[in-house]
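**Q** The structure follows.
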Amino acid sequence: MISSVTIKNRTIQYGADICGIAQVDRSADAPKGFHPCDIYPDCKSVVVFAARFPLSTLQAKTNAPYTLVRNKLVDKVDWISFDISNELEREGIVSIPIPSADPYDYWDVQRNHGRGILSLKHAGVLAGLGVLGKNTLLMNERFGNMIWLAAILVSIDLEPDTVASYKGCDSECTLCLDSCPQDALDGITINQKLCRDISISYNYGGGTVLSCNICRKVCPYHKSLPQKV
């Protein structure tokens, strides 16, 4: 039987920077309709991985480069999910790739609120890849909040990773909350309607730009989290 180590090594070989695994029973508190078994009833384990978001993109005065990199990261991790799932299926393992961005099944028009079929940031927490920040981004000890997540649901029991125990945001830090032009953050959740009202810009030429990433940009933990002394 294929091991957790083998699967994690394969994701790294395909271009992921980090990978972790959670047994499906860790998702007991997932909202109804968004549990891994709501997607694939025989799911036993969730493989979660991420690619690093190049830090230099935050230095540009326009968000066009940031948008380009984000879109390429979506393609990159989705291709990793696709390729790994194909490999596992050839070995007799049912493997369901989860979209890293869209498509969505759930969309609330009035609230301008969407949910992916699985919360990747919460899956990342359960797989030991990090902790949630006050800006609702997953914070990893090596890469801070500069990662893009993806996941695969599999039909076999795999050795899980330990849930991260390191500290994320400083308890006194409110940079992201204070800097949000929409007051969309409360330190626990995000008001998607307020956020989306300004986070995406369109022009008549058909271009789309992720026009606001302030909560990511002002966070002091871009590269890594403070280490315990």
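**Q** If you go through region 145-156, how many residues are within 21 Å of S3 (Cα to Cα) and open to solvent by less than 10 Å² (accessible area, probe 1.4 Å)?
**A** Quick first cut of region 145-156, residues within 21 Å of S3 (Cα to Cα) only: 150-156.
This time we only want the ones that are open to solvent by less than 10 Å² (accessible area, probe 1.4 Å), so: 150-154.
Qualifying residue count for the region: 5.
**Q** Still on this model: What residue, among those in region 35-77 that are in contact with a Phe, Trp or Tyr (Cβ under 8 Å, 6 or more places away or on another chain) and β-branched (V, I, T), is modelled with the lowest pLDDT?
**A** Selected residue: T57.
**Q** Further question: Which condition does R196 not pass, out of (1) touching a residue at least 40 places away in the same chain (Cβ under 8 Å); (2) under 30 Å from T6 (Cα atoms); (3) surrounded by 16 or more Cβ atoms within 10 Å (Cβ to Cβ), if it passes all the others?
**A** Against the list (1) touching a residue at least 40 places away in the same chain (Cβ under 8 Å); (2) under 30 Å from T6 (Cα atoms); (3) surrounded by 16 or more Cβ atoms within 10 Å (Cβ to Cβ), R196 comes up short only on (2).
**Q** How many residues are acidic (D, E) and either surrounded by 18 or more Cβ atoms within 10 Å (Cβ to Cβ) or within 15 Å of I117 (Cβ to Cβ) (or both) if we restrict to region 18-46? Quick ask: steps written out before the conclusion?
**A** Let us first name the residues in region 18-46 that are acidic (D, E), namely 25, 29, 38, 42.
With the extra rule that they be either surrounded by 18 or more Cβ atoms within 10 Å (Cβ to Cβ) or within 15 Å of I117 (Cβ to Cβ) (or both), the set shrinks to 38.
Looking only at that region, the number is 1.
**Q** Condition first: open to solvent by 20 Å² or more (accessible area, probe 1.4 Å), free of Cβ contacts under 8 Å to residues at least 24 places away in the same chain, within 30 Å of G206 (Cα to Cα) and of a type in the set (S, T, N, Q). Can you find one or more residues in region 79-96 that meet it?
**A** no
**Q** Go through the residues of region 109-123 one by one and say whether even a single one is touching a Gly at 6+ places or on another chain (Cβ under 8 Å), touching a residue at least 24 places away in the same chain (Cβ under 8 Å) and surrounded by 14 or more Cβ atoms within 10 Å (Cβ to Cβ). Give the derivation first.
**A** Taking region 109-123 as the starting set, the residues that turn out to be touching a Gly at 6+ places or on another chain (Cβ under 8 Å) are none.
Within region 109-123, none of the residues are touching a Gly at 6+ places or on another chain (Cβ under 8 Å), touching a residue at least 24 places away in the same chain (Cβ under 8 Å) and surrounded by 14 or more Cβ atoms within 10 Å (Cβ to Cβ).
**Q** I've got another one for you. Could you list, ordered by first residue, the pairs with Cβ atoms under 6 Å in which the first is in region 22-37 and more than 15 Å from I152 (Cβ to Cβ) and the second is open to solvent by less than 30 Å² (accessible area, probe 1.4 Å), at least 6 apart or interchain?
**A** Here the result reads H35/S27, each pair linking region 22-37 to a residue that is open to solvent by less than 30 Å² (accessible area, probe 1.4 Å).
**Q** Hey, any hits in region 157-178 for a residue that's open to solvent by less than 20 Å² (accessible area, probe 1.4 Å), closer than 21 Å to Y14 by Cα and part of a loop (DSSP other than H, G, I, E, B)? Before you say what the answer is, go through the steps one by one.
**A** The initial filter retains those residues of region 157-178 that are open to solvent by less than 20 Å² (accessible area, probe 1.4 Å), namely 158, 168, 176.
Cutting the leftovers down to closer than 21 Å to Y14 by Cα gives us 158.
Among the residues that remain, those that are also part of a loop (DSSP other than H, G, I, E, B) are: 158.
Yes.
**Q** Still on this model: Assess whether S224 counts as being polar (S, T, N, Q), surrounded by fewer than 18 Cβ atoms within 10 Å (Cβ to Cβ) and touching a residue at least 60 places away in the same chain (Cβ under 8 Å). Can you show your working first?
**A** On the way: polar (S, T, N, Q): yes; surrounded by fewer than 18 Cβ atoms within 10 Å (Cβ to Cβ): yes; touching a residue at least 60 places away in the same chain (Cβ under 8 Å): yes.
Yes: the conditions hold for S224.
**Q** Of L120, L126, L138, L149, which residue is touching a Lys or Arg at 6+ places or on another chain (Cβ under 6 Å) and closer than 17 Å to A101 by Cβ? Even if it seems obvious, please write down each step before you answer.
**A** Working: L120 fails: touching a Lys or Arg at 6+ places or on another chain (Cβ under 6 Å); L126 fails: closer than 17 Å to A101 by Cβ; L149 fails: touching a Lys or Arg at 6+ places or on another chain (Cβ under 6 Å).
That would be L138, the only listed residue that is touching a Lys or Arg at 6+ places or on another chain (Cβ under 6 Å) and closer than 17 Å to A101 by Cβ.
**Q** Enumerate the helices (runs of 4 or more DSSP H) found wholly within region 1-117, keeping only those where 2 or more residues are over 20 Å from L149 (Cβ atoms). Full working, then the answer.
**A** Values: elements: 4-13, 36-39, 64-90.
Helices (runs of 4 or more DSSP H) meeting the threshold: 4-13, 64-90.
The values are calculated or read from the model by the stated rules, or taken from the named source; none is laboratory data. Everything numeric here is computed off the predicted structure, so don't read it as measured data. Glycine also receives a Cβ, built like all others from the backbone with ideal geometry; neighbour counts cover every protein chain displayed. All accessible areas refer to the heavy atoms of the entire protein, side chains included, with ligands and DNA or RNA removed. Shrake-Rupley method; radii C 1.70, N 1.55, O 1.52, S 1.80 Å.
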